[in-house]
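We did not get these values from a lab; they are worked out from the coordinates using the rules stated. The structure presented is a predicted model; accordingly, all values stated were derived computationally and were not measured. Every residue, glycine among them, receives a Cβ derived from its backbone with ideal geometry; neighbour counts consider all protein chains shown.
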Amino acid sequence: MSGQDPAVDDAPLLTADDVTRVYTLGRDNEVHALRGVSFTVDRGEHVAIVGSSGSGKSTLLNLLGALDRPTSGHVRYHGRDVRDMDDAELARLRNGSIGFVFQSFQLLPRLTALDNVILPLVYRSSSPRERRERATAALEQVGLADRITHRPGELSGGQQQRVAIARALVTEPALLLADEPTGNLDTRTGEEIMTLLEELHRDRGTALVVITHEAEVAARAARRIELRDGRIVTEVAA
Amino acid sequence: MSLRESLRVAMQALRANRLRSALTTLGVLIGVLSVVLLVAIGQGARSEITGAIEGLGSNLLFVLPGDGDFGGGPQRSSFVADDIERVDRSLPGGEGRAAGYVIGAEAVQAEGNRFNATVFGITENYLGVVDRTIARGQSLSRSDVATGRRVAVLGASSAETLFPGQDPIGRTVSLGAIRYRVVGVLERVGTTAFGPDVDRQVLIPISAAQRLFGSTRVDAIFVRAESTVGIEADREAARSALAERLEEDEFSVVSQDEIIGVVGDILQILTWVLAAIAGISLLVGGVGVSNIMLVSVSERTREIGLRKALGARTRDITRQFLFEAVALTGLGGVVGLALGIGAAELVAAFAPVPAEVTWWSIALALGVSVLVGLVFGVLPARRAGQLDPVTALRHE
């Protein structure tokens, strides 16, 4: 269910190859958000992408999440270029290989925790019963077995992020892509969330890419990629 | 995403905004209701009026004043009593198949009871030609007509009004200052919403009526053909007989089918006009749907971005919003149809206007309401599907 093509199984999970992204805001007003970024993420790796606001890390997140296409360069999943994928293939990639965790949780307020976790399963063929079972199991795994019928408004920030993590892992993705996952949480809750993400990464062998501006969060990763003004300035293995 | 899943998600979204969904549906509901009801009234009128003409009996030819153009309104009659004879004698295979009448309004009274009646001056064979039967007493005779005898046959309602609970045969009624002896009462025909109430007629010999009205005119001549096959021969005979005396544009001979055809066509157009007027309200309902769907798309921009990030294709999103629009209008269509049929039944039962729900107005109302959903849903749905996930996710 990870959407991997067996033919390119030996290719790295994710490669960024001289990626640039230019936003045209108006005539003669171009913003170079990324100016040639290259790196690789292997299966089961834990990578932190750090940088201050304006460094280009949000742009990079969108490109890694296959939500956007680079202006030049290549983003490849399992060796396949995102640029060559059509709308349906991109949707299948996001649904099958990537689990998003957002800073602002992005839960649908009118749905229960269970239905929020079911959401990505709706876009693949599975029976309603199977979906419920998998979503329930995912919620159990993040420690919310007793909250499945609650709506987001009835949950604390930490609990909401746990629901979002359950939603990200319910599809058994090859990559968890977390954008400032602790940004809206207090320090202790943030630490709990990071611990949970790292557990999942360890136990399931899921690659974990965390985008953050917090040094403590970045320090937990095995490898750190630092961005400044759209370029990689340092890349260090811990 | 399966169709069933799209439908489920659409219904979920509509339920989340119950009041708004209900109000939007209401617009379509009113549109469908008015289409069904107005078409029912138009169709009811059509079948009642053509039914009334058919009720005169089949195989009828109408010799009418004027050139037969119904659009010009009533025309002055040039017929006289001799023309009835002339037509009757011309018909192949025996006489007595042509009847003439003159019509007028007159106050009628008897024993203190009084009302304004439609007075028909008829030839003795008129009732046979238009297929009406005497309930009690007898009809007008040839000699009554020949001598202008002051005798009358009453419609069923006329008899009840003038002689409540009594036998009118042999009694006297007055038309103006002239008294007539009642010799017969007609079988009841029943009320209709359009045209004169035939049960409130008073029938007297045509010669007596011409004297009463102070005129020698005859308003129309009816011919009963012996069979459907004989109609054309009768029509030709009547036409050439009258052409000896009258100009071409002073008379016309039309069959019952032709009259039903023309009247039916006019009323069908009326029905379509009613449907079109009601259709405008359906259109306004559709614009309301489009409007609310656009609001919904912009409110749920983040949701759309999220769904795309989680694996929704462009067409999954488009379909979801299209289903929402069609669910809104389809629901309005079904409820509007049910209420429209109910309203038509109420009108038919309690109002003097007839109403007849036809299968095609049902199909039209449902089809159009779904179509309205598709047409007015496409724009917002496409807009939703084409949202860029990056921008959508960041939308406040």
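Each residue, B:S227 and B:A349, gets one label point 7 Å from its Cα in the Cβ direction; the gap between the two is 4.7 nm.
For the protein assembly as shown, the gyration tensor built on C-alpha atoms gives a prolate shape. Its axis ratio a/c (a ≥ b ≥ c) is at least 1.5, and a/b is the larger of a/b and b/c. If the elastic network links every pair of Cα atoms under 10 Å, which of B:L322, B:L186, B:L310 fluctuates the most in the Gaussian network model of chain B? Taking springs between Cα atoms under 10 Å, the residue moving most is B:L310. Annotation: peptides A:172-179, A:63-70, B:113-120, ranked by per-residue average of other Cβ atoms within 10 Å with the highest first, follow the order A:172-179, A:63-70, B:113-120.
PRE reach from A:R231 (point 7 Å along Cα→Cβ): which of region A:6-49 fall under 12 Å by backbone N? Answer for this model: A:35-37.
The helix-only estimate of mean residue ellipticity at 222 nm for chain A, built from DSSP H runs of length n ≥ 4 each weighted as -39500 (n - 2.57), is -9500 deg cm²/dmol after division by the residue total. Estimated from helices alone, the mean residue ellipticity of chain B at 222 nm is -19000 deg cm²/dmol (sum of -39500 (n - 2.57) over DSSP H runs with n ≥ 4, per residue). A Förster radius of 41 Å combined with the Cβ-Cβ distance from B:A135 to B:I277 puts the calculated FRET efficiency at roughly 0.40. Extension gain, B:I169 to B:V263, is 30.1 nm, computed as 0.36 nm per intervening residue step minus the present C-alpha separation.
Can you figure out the FRET efficiency of A:E130 with B:V334, using R₀ = 25 Å and their beta-carbon distance, to the nearest 0.05? In this case the efficiency is close to 0.15. For region A:168-177, the Karplus equation 6.51 cos²θ - 1.76 cosθ + 1.60, evaluated at θ = phi - 60°, returns couplings of 6, 8, 5, 8, 6, x, 7, 9, 9, 10 Hz by residue, with Gly and Pro reported as x. Compared with the alpha-carbon gap, the fully stretched path from A:N184 to A:E172 is longer by 1.8 nm at 0.36 nm per residue.
Within 10 Å of the Cβ of each residue in A:117-123, the mean number of Cβ atoms contributed by other protein chains is 5.
Each of B:L374 and B:A243 was given a label point 7 Å from its Cα along the Cα-to-Cβ line. The distance between the two points is 5.6 nm.
Segment B:Q109..B:E5, full-extension length gain: 29.8 nm, with 0.36 nm per residue of separation and the alpha-carbon distance subtracted.
Distance between the modelled labels on B:V80 and A:H150, one decimal in nanometres: 10.5 nm (7 Å Cα→Cβ projection).
With R₀ fixed at 25 Å, the C-beta to C-beta distance from B:R20 to B:Q386 puts the FRET efficiency at about 0.60.
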